[in-house]
Every structure is written in structure tokens, then in C-alpha cells.
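Report on the following structure.
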Amino acid sequence: MALNIVWVGFILIGFAVALVKLLQGDAAIFSTVLTALFDTARTGFDISLGLAGIMALWLGIMKIGEQAGMIELFARGMAPLFRCVFPDIPRGHPAGGSIAMNFSANMLGLDNAATPLGLKAMRELQEINPVKDTASNPMVMFLVLNTAGITLIPTSVIAIRQSLAAEQGLVGFNGADIFLPTLIGTFISFTAGLLAVAWVQRIRLLQWPMLLFFGGFAALMGGLYFALRGLPPAQLAQTIGTLGSGLIFGVIVLFVAVGAWRRINVYEAFIDGAKEGFGVAVMIIPYLIAMLAAISVFRSTGCMDYVVGGIGAAVTALGLNADFVPALPVGLMKTLSGSGARGLMIDVMKTYGVGSFPGQLAAILQGSTETTLYVLAVYFGSVNIKKTRQALACGLIADAVGVIGAIGVGYAFYR
């Protein structure tokens with residue numbers, strides 16, 4: 001129901017704005033919107049088609065891990081924490097292992113690995129869902145934490161900043177200077193999402209596994225900062241890329257090795273899982289194209305520009321510092337489209353300079369927020385969930401707090 005309201009709202013609001021522009025003399029507005037719609041439909045299909053191979057690979061690997069007993073073992077290791085956050089998941093259920101691996105891939109910035117692992121987790125959560133067309137409590141929690149997921153180091157954002165700095169002739173520029181602010185911003189978003197869902201589902205978070213998690217994460221943030229802060233940007237990106245890729249490939253090797261040691265038919269297990277992956281990739285095409293189409297209408301008609309302009313006017317009228325407004329579209333667009341937000345981030349950096357406050361803040365917003373509507377559409381669509389309950393509201397709360405937190409962190413570090 002929530003996604004239906006958002007979808008209809010984007011289309012109707014976009015049409016109304018386009019009609020006003022037509023009456024004001026913009027004769028090409030409907031042609032622009034239609035072109036954007038067709039391009040978006042093609043993009044959605046291309047994304048799903050590209051995902052088919054990745055899904056087949058990862059669900060094949062996960063099937064090996066499942067038959068080798070590694071998923072169950074991983075779930076048991078995360079059980080104390082997950083019993084606090086996901087009390088409705090039975091002990092030892094493989095969904096716990098898939099969720100943990102999805103979170104790990106997201107933290108390392110490995111989007112291609114995180115998505116199939118997340119879709120695998122959704123399928124396993126659907127197995128224990130008593131009402132098949134309605135999101136269960138664990139599904140809502142998983143989706144919100146996924147959209148507000150922690151990213152340890154935004155490697156791609158750092159690489160883009162460094163490239164633009166070279167283009168703009170900046171000597172000695174450190175593209176990784178947004179590392180710690182981004183990490184703090186994404187942690188704020190994650191905490192907001194966790195608290196929102198916990199409040200709705202009446203989950204008690206003040207337990208030792210949660211305290212240990214937050215304490216351990218704070219220690220990890222400090223350790224990473226002091227260990228990596230002296231590295232040149234190019235070396236930092238390479239180090240993190242090597243770490244993430246090595247960990248993921250290590251998991252693949254571990255699953256295959258344990259499967260062979262336990263004398264299961266590893267090849268046949270992989271094929272069985274890969275067949276499931278292709279089906280999932282095809283299933284999400286309608287859901288993905290539907291959401292991207294609505295976002296395209298809202299964006300191509302200029303509605304996003306009006307929203308940002310209104311916020312800027314309100315901030316100025318209140319006598320507050322409005323230096324953040326040029327970067328705000330990145331945070332708002334990230335909820336709708338990751339690639340759209342990336343394009344806006346690059347535009348801000350080119351317009352104001354990669355080392356300017358708007359440029360720095362745009363990078364923090366890009367690295368510390370997530371594409372909520374995209375994730376909800378794809379993940380829920382993969383298991384035919386029609387009633388999303390509080391997932392969208394809690395996800396948007398996490399996004400809003402994340403954007404505000406990122407702006408506050410940006411001012412704290414750079415103003």
C-alpha cells in the first residue's frame with residue numbers, strides 16, 4: 001500500500017507540474033518526460049539482465065555453503081546479536097547467515113555481492129513468513145537496516161573525488177578526507193533505522209550483544225581511521241578493494257573446500273542454486289521498472305528542483321546557514337536513485353569544486369545514505385510481498401536522519 005501511494009503520487013505530481021510548464025510555454029516537456037520514461041525502462045531491464053549472472057553465481061555459491069553446513073554455522077555465530085534484532089527468526093535458520101553475509105558485503109562496499117545475498121535472505125525469510133503477501137517483522141527490520149546499512153569506507157566516492165581533483169588541477173588533494181565523516185554519517189542512519197523499527201516492533205535493544213556490537217563498531221571506526229589515515233588516496237582505495245575482494249573470494253574458497261571435504265557434489269549444488277538465481281533476476285524486472293519509471297517522471301519534470309529550492313528558501317528565511325543547500329539534492333535523490341545521486345554529486349563537485357564545502361558534503365551524503373525505494377521494490381518484489389507495513393516509513397526516517405546527520409557532520413568537520 002505504501003509503495004502504491006508513492007508510485008501514484010510521483011506520477012500524478014509529475015504530470016501536474018509538466019502541465020503547468022506546458023501552459024507556461026515549455027512545448028517540449030512531455031517529450032522530455034516520455035524520453036526519460038523509455039530510457040528508464042531500458043535501464044531497468046539492463047540492470048535486471050546484468051543481475052541475472054551475478055544472482056546465478058552467488059546463489060550457486062550459497063547453495064554450496066548451505067549443503068556444506070557453513071551457512072548454519074555462520075548463523076549460529078551471529079545468533080546472540082540476531083536474537084536481539086530478529087527475535088522472530090528461529091535459532092539456526094539459514095536466513096541468519098545470509099543476512100550476516102549481506103551486511104558484511106554492504107559494509108565493504110561490495111554492492112554486486114550484497115544484492116544477491118540480500119535477495120537470498122529475503123527468500124529464506126519468506127519461508128518462515130506466516131502471511132505470504134505481507135512483510136513479516138524480520139523482513140521489515142532487514143529491509144530498513146539494509147537501506148540504512150553501514151559502509152565502512154566509500155571507495156567509489158573517494159575514487160571519483162580524486163579523479164575530479166586531477167581534472168580540476170588540484171595538487172596534493174586527498175580524496176579520502178571524507179572517510180571518517182562518511183563513516184559517522186552512515187552509522188547515524190543505521191542507528192536511526194534500527195531504533196525506528198525497534199520502537200514499532202517493541203524490540204528491547206538494551207542487551208549485552210547490542211552493547212558489544214556498538215562498542216566494537218566504535219572501536220573498529222577508530223582503529224580503521226588511525227590505521228589508514230596516512231595512506232595516499234590511490235593506495236587507500238587499492239587496500240580497501242583488496243581487503244573486500246579477498247574476504248569475499250575467501251568465503252567462496254571456504255565453501256567449496258568444506259563442501260568437497262564433506263563429500264557433497266559441489267558442482268551439482270552450484271548448478272541447483274544458479275538455476276534459482278536466474279528466476280529471481282527475471283521476477284524483479286516488473287517491480288524495478290515500475291519504481292524507476294515513477295522516479296523518472298518526478299525527476300524529469302523538475303519536481304526535485306522545486307523541492308530543493310523550497311528547502312533553501314525556508315532555510316534562508318529562518319536566518320540559518322544555507323551553504324549545504326547545493327549538496328542537498330544528492331541526499332534527496334539517493335533515496336530514489338543511486339545512479340541519479342551519483343550524477344548529482346559529480347555535478348556539484350564540478351560546479352563548486354571538489355574541495356569546496358558543497359563538494360565535500362555531497363560526497364558525504366552519497367556515501368552515507370541508500371536508495372530506499374529501489375531496495376524496497378527489488379527485495380519485496382523478489383518474494384511477491386505486496387503489503388510492506390512499516391518498512392517504507394522507517395526507511396524514510398532513517399534516510400531523513402541520515403541526511404540531517406551527514407549535514408551536521410559536514411559542518412562539524414569542515415565549517
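The values are calculated or read from the model by the stated rules, or taken from the named source; none is laboratory data. Since the model is a prediction, treat every value here as computed from it, not as a measurement. As a convention, Cβ positions derive from the backbone with ideal geometry for all residues, glycine included, and neighbour counts pool all protein chains shown. Quick note on the areas: whole protein, heavy atoms, side chains included, nothing else; ligands and nucleic acids left out. Shrake-Rupley method; radii C 1.70, N 1.55, O 1.52, S 1.80 Å.
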- Task: Take the solvent-accessible surface of the protein heavy atoms, probe 1.4 Å, and return the percent of it on the stretch 265-336 that carbon and sulfur atoms account for.
- Result: 70
- What is the extension gain from Gln168 to Leu205, computed as 0.36 nm multiplied by their sequence separation minus the C-alpha to C-alpha distance, in nm to one decimal? 8.6 nm
- Query: In what sequence, highest mean first, do 290-298, 214-222 appear when ranked by Cβ atoms within 10 angstrom?
  - Reply: 290-298, 214-222
- Note on the structure: Taking Leu318, Leu180, Leu125 and ranking on accessible area (1.4 Å, protein atoms only), highest first, one gets Leu318, Leu180, Leu125
- Item | Label zone at Ala219 (point 7 Å along Cα-to-Cβ), backbone N below 20 Å, the stretch 167-210 | 184, 187, 206-210
- 5 Å-binned pair-distance histogram of the stretch 294-415 (Cα, whole percent): 2, 11, 19, 22, 21, 12, 7, 4, 2, 0
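Could you calculate the contour length gain from Phe45 to Ala28, that is, 0.36 nm times the residue separation minus the distance between their Cα atoms, to one decimal place in nm?
On the way: separation 17, 0.36 × 17 = 6.12 nm, distance 2.62 nm.
The span from Phe45 to Ala28 would gain 3.5 nm if fully extended.
For the chain, report the accessible area per residue in Å² (1.4 Å probe, heavy atoms, rounded to an integer). Don't skip to the end; give the middle numbers.
Values: 18210 Å² over 415 residues.
Ligands and nucleic acids excluded, the figure is 44 Å² per residue.
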- Message: Probe radius 1.4 Å, ligands and nucleic acids left out: which of Trp7, Trp208, Trp261, Trp58 has the largest accessible area, and how do the rest follow?
- Response: Trp261, Trp208, Trp7, Trp58
- Item | Relative contact order computed over the stretch 349-415 (Cα-Cα under 8 Å; 6+ residues apart), in percent | 39
- Net charge over other residues, Cβ less than 13 angstrom from the Cβ of Ala362 (K, R count +1; D, E count -1): +2
- Label-point separation in nm, Leu12 to Ala314, each point 7 Å along Cα→Cβ: 2.1
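Between Phe249 and Arg83, what is 0.36 nm times their sequence separation minus the Cα-Cα distance? Round to one decimal in nm.
This chain segment gains 56.9 nm when fully extended.
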- Taking the stretch 66-97, which trypsin sites (Lys or Arg not before Pro) meet the DSSP loop condition and have no more than 11 other C-beta atoms within 10 Å? Arg91
- Message: Relative contact order of the chain, please, whole-number percent, based on alpha carbon pairs below 8 angstrom and at least 6 residues apart.
- Response: 30
- Item | Distance in nm between pseudo-label sites at Leu73 and Ala400 (7 Å out along the Cβ direction from Cα) | 4.5
- With all protein chains in place and a 1.4 Å probe, Lys386 shows an accessible area in Å² (nearest 10) of 130
- Item | Listed residues Val330, Ala293, Val409: farthest to the positive end of the dipole of the chain (Cβ charges) | Val409
- Task: Could I have the simple spin-label model distance between Asn384 and Asp347, label points 7 Å from Cα toward Cβ, reported in nm to one decimal?
- Result: 4.0
